[in-house]
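Down below is the structure, laid out as structure tokens.
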Amino acid sequence: MSAGTGQPGEPPATRRRHWFAYVPVIIFLGLAGLFAKGLVTSDPSKIPTALKNRPAPEFILPELIGLQKNGAPMPGLSSADLKTGTVTLVNVWASWCGPCRQEHPILMQLAEDPTIKVVGINYKDKPENARRFLASLGNPYSRVGADRKGTSAIDWGVYGVPETFVVDGKGIIRHKLIGPITPSGLQKELLPAIAAAKKN
């Protein structure tokens, strides 16, 4: 009987060498299966944020050029603005973002609540387009920071727009919602997160 056939009677060392030859293939197939399962079953809105229960990143964003509200220029946004004792919704948005347009009426509704603040990070947008967007749909924000290069959004761990963060009065991120705010998401996820943040 020739060596290396894997048949009974082969030396144990030879049989072990044959088994080890299949280990990389087995590992590859296992990882490929897990990856494929993740692609099929993962829900981007359920991706956890590494910043949850941590302070919001330090940042200073300039105002959106030319943006006014009630006849006065609107200020930009910084991390200091999130430490005022009031729960803040930080909404990352852009005029070119279709889902941002879909969620906008809910942001307008949330802005009517005097117990919270709604602020915006305008992501990789042209000022004139962003101003036109808010002029058309309404401006729910008390502050808007212009993140023209998207560097601040990276610090926030943003995957894409829109995304909304619930930040407590001490500037701690308590919740992250990926994707547009829907009526269902508002009731089941965002409002409970706001209520919890108010208790911190």
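The values are calculated or read from the model by the stated rules, or taken from the named source; none is laboratory data. Note that this is a predicted model, so its numbers are computed, not measured. FYI the Cβ positions are ideal-geometry reconstructions off the backbone, even for glycines, and counts take in every protein chain you see.
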### Query
Does the range 170-184 hold any residues that are farther than 20 Å from I60 by Cβ and not in a strand (DSSP E or B), and which are they?
G179, P180, I181, T182, P183, S184
### Task
Considering each of S95, S79, S45 in turn, give the residue that is modelled with pLDDT under 65 and under 27 Å from S142 (Cα atoms).
S45
### Message
If I filter the range 166-176 for residues that are surrounded by 17 or more Cβ atoms within 10 Å (Cβ to Cβ) and among the basic types (K, R), do I get at least one hit?
### Response
yes
### Task
Output yes when any residue across the range 111-133 is modelled with pLDDT under 95, in contact with a helix residue (DSSP H, G or I) (Cβ under 8 Å, 6 or more places away or on another chain) and assigned by TED's automatic domain parsing to the domain that holds A50, and no when none is.
no
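From G66, G169, G138, G71, which residue is of a type in the set (G, A, S), at pLDDT below 95 and over 17 Å from G179 (Cα atoms)?
G71
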### Query
Is at least one residue of the range 192-199 surrounded by 18 or more Cβ atoms within 10 Å (Cβ to Cβ), of a type outside the set (V, I, T) and within 28 Å of N70 (Cα to Cα)?
no
### Query
Of the residues L107, L67, which single one is among the hydrophobic types (A, V, I, L, M, F, W, C), touching a residue at least 24 places away in the same chain (Cβ under 8 Å) and in contact with a helix residue (DSSP H, G or I) (Cβ under 6 Å, 6 or more places away or on another chain)?
L67
